[in-house]
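Colleague: Let me give you the structure first, and then I'll get to my questions.
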Amino acid sequence: MSGRFSGRVCVVTGAARGIGLAITERLGSEGAHLACVDVSAHRLGPAVEELQAKGFQARAYTADVGKRTEVHSAFEAIQRDFASPIASLINNAVFARFQPLDQIDAETAEKMLGVGLLGLIWTTQAAVPQMVQRGGGSIVNLSSIAAEHPTKDAIAYAAVKAGVVGLTRASAVELCAHNIRVNAIAPGMIGTPASIAQYDDTTIAKRRVEMPMGRFGEPEEIAALAAFLASDEASYVQGASVTADGGWTVPSR
Ligand SMILES: NC(=O)c1ccc[n+]([C@@H]2O[C@H](COP(=O)([O-])OP(=O)(O)OC[C@H]3O[C@@H](n4cnc5c(N)ncnc54)[C@H](O)[C@@H]3O)[C@@H](O)[C@H]2O)c1
């Protein structure tokens, strides 16, 4: 397949479902060779089989991105399995729980920070040497509007997603010298099964009314933005966090 990512090796974390899966489909349709990383082997296997059935070059790597050794092993395997080094990394995996302050427990909070923040450090650390080898690359990190506009019970989640913005900006500054661009996406409410399942019907209806566009985003709409930021078309976009929320966080007058 030809396109903006023709023959380029793209790694997507949290690729087994939701936005991550939509990103793999978008990049695959534009010619990418896909390294699909997820902690859930039972979801990742069928997802990658479907990508292959669509004619995409895709391989599955089961790894917990929060664990540095697992990440480095997976990226070594990616280097062995693909003919060329990694061109793009999409850090999409998340472990999210929404808890009021007095109910935040250590295990959950540490896992959220481990997957959603440290995980990005480990994958970036593992991918960059391969990008340097090919003369550059691009990284897209999934943040959230919760970084700046948190809803209730989102202390840990907002901390993770605000951290993603800082990590993105710092990585952009440090990796510019290697011709690597690093940007973030801050989605609003996207209609993935996992996100919809968090809310009752009344809340969903209320949210729709609050949104100027009157609807949730589709995973494919985030995938289109991720593909743009990862592509050479975004050659002057560096260290940005691009909001895609249907205008939800635009102050109304
Ligand atoms: N869906 C939304 O409304 C929304 C809004 C704002 C931001 N986001 C962000 O977009 C990204 C994708 O969201 P989603 O709704 O598609 O999520 P999701 O929960 O549907 O999918 C997340 C994927 O990450 C995988 N994963 C979880 N822990 C992992 C780990 N330790 N290592 C590797 N993989 C792991 C899961 O198995 C799953 O396949 C996340 O970073 C999320 O915070 C989503």
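Colleague: What about residue 193, is it buried (at least 19 other Cβ atoms within 10 Å of the Cβ), in contact (Cβ under 8 Å) with a residue 60 or more places away in the chain and within 16 Å of the ligand (Cβ to nearest atom)?
Modeller: Numbers: buried (at least 19 other Cβ atoms within 10 Å of the Cβ): no; in contact (Cβ under 8 Å) with a residue 60 or more places away in the chain: yes; within 16 Å of the ligand (Cβ to nearest atom): yes.
So residue 193 does not fit the description; no.
Colleague: Then there is this: Tally the residues that are part of a helix (DSSP H, G or I) and modelled with pLDDT under 95, restricting the search to region 200-253. Walk me through how you get there before you give the answer.
Modeller: Narrowing region 200-253 to residues part of a helix (DSSP H, G or I): 201-210, 219-230, 232-234.
Okay, now just the ones that are also modelled with pLDDT under 95, so 201-210.
The total comes to 10.
Colleague: Same structure again: Just to check your reading of the model, which residue among 14, 18 is within 13 Å of the chain's Cα centre (by Cα), modelled with pLDDT of 95 or more, within 20 Å of residue 142 (Cα to Cα) and crowded, with 24+ Cβ neighbours inside 10 Å? Break it down into steps so the answer makes sense when it comes.
Modeller: Numbers: 18 fails: crowded, with 24+ Cβ neighbours inside 10 Å.
The unique qualifying residue is 14.
Colleague: Here's a check for you: in region 99-124, which residue that is touching a residue at least 12 places away in the same chain (Cβ under 8 Å) and open to solvent by 70 Å² or more (accessible area, probe 1.4 Å) is farthest from the chain's Cα centre (by Cα)?
Modeller: First, the residues of region 99-124 that are touching a residue at least 12 places away in the same chain (Cβ under 8 Å): 99-101, 104, 108-109, 111-124.
Keeping just the survivors that are open to solvent by 70 Å² or more (accessible area, probe 1.4 Å) gives 101, 111, 113, 118, 121.
Values: 101: 26, 111: 17, 113: 15, 118: 14, 121: 13 Å.
By that ranking, first place goes to 101.
Colleague: Residue pairs, Cβ under 9 Å, 6 or more apart or interchain, first in region 145-160 and under 13 Å from residue 241 (Cβ atoms), second at pLDDT 95 or above and of a type in the set (Lys, Arg). List them.
Modeller: 145/161; 146/161; 147/161; 148/161
Yes/no matrix, rows are residues, columns are (1) open to solvent by 10 Å² or more (accessible area, probe 1.4 Å); (2) in contact (Cβ under 8 Å) with a residue 24 or more places away in the chain; (3) under 17 Å from residue 247 (Cα atoms):
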residue: 184; (1), (2), (3): no, yes, no
residue: 189; (1), (2), (3): yes, yes, yes
residue: 199; (1), (2), (3): yes, no, no
residue: 202; (1), (2), (3): yes, no, no
residue: 208; (1), (2), (3): yes, no, yes
residue: 219; (1), (2), (3): yes, yes, yes
residue: 225; (1), (2), (3): yes, yes, yes
residue: 228; (1), (2), (3): yes, no, no
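Colleague: Give 78, 155, 139 a once-over and let me know the one that is within 30 Å of residue 251 (Cα to Cα) and open to solvent by less than 20 Å² (accessible area, probe 1.4 Å).
Modeller: Values: 78 fails: within 30 Å of residue 251 (Cα to Cα); 155 fails: open to solvent by less than 20 Å² (accessible area, probe 1.4 Å).
Unique residue meeting the criteria: 139.
Colleague: Still on this structure: With within 12 Å of the ligand (Cβ to nearest atom) and closer than 24 Å to residue 156 by Cα as the only criterion, which of 117, 44 stands out?
Modeller: 117
Colleague: Against the definition (out of contact with any helix residue (DSSP H, G or I) (no Cβ under 8 Å at 6 or more places or on another chain), within 22 Å of residue 150 (Cβ to Cβ) and open to solvent by less than 30 Å² (accessible area, probe 1.4 Å)), how does residue 246 come out, yes or no? Even if it seems obvious, please write down each step before you answer.
Modeller: Numbers: out of contact with any helix residue (DSSP H, G or I) (no Cβ under 8 Å at 6 or more places or on another chain): yes; within 22 Å of residue 150 (Cβ to Cβ): yes; open to solvent by less than 30 Å² (accessible area, probe 1.4 Å): yes.
So residue 246 fits the description; yes.
Colleague: Let me ask another. Quick one: residue 149 ticks every box in (1) within 13 Å of the ligand (Cβ to nearest atom); (2) touching a Ser or Thr at 6+ places or on another chain (Cβ under 8 Å); (3) open to solvent by less than 20 Å² (accessible area, probe 1.4 Å); (4) of a type outside the set (Gly, Ala, Ser) except a single one, so which number is it?
Modeller: The single condition residue 149 does not satisfy is (3).
The values are calculated or read from the model by the stated rules, or taken from the named source; none is laboratory data. Because the structure is a prediction, the values reported are computed rather than measured. Methodologically, a virtual Cβ is constructed for each residue, glycine included, from the backbone with ideal geometry; neighbour enumeration extends over all protein chains shown. Surface areas here come from the heavy atoms of the whole protein model, side chains and all, with no ligands, DNA or RNA. Shrake-Rupley method; radii C 1.70, N 1.55, O 1.52, S 1.80 Å.
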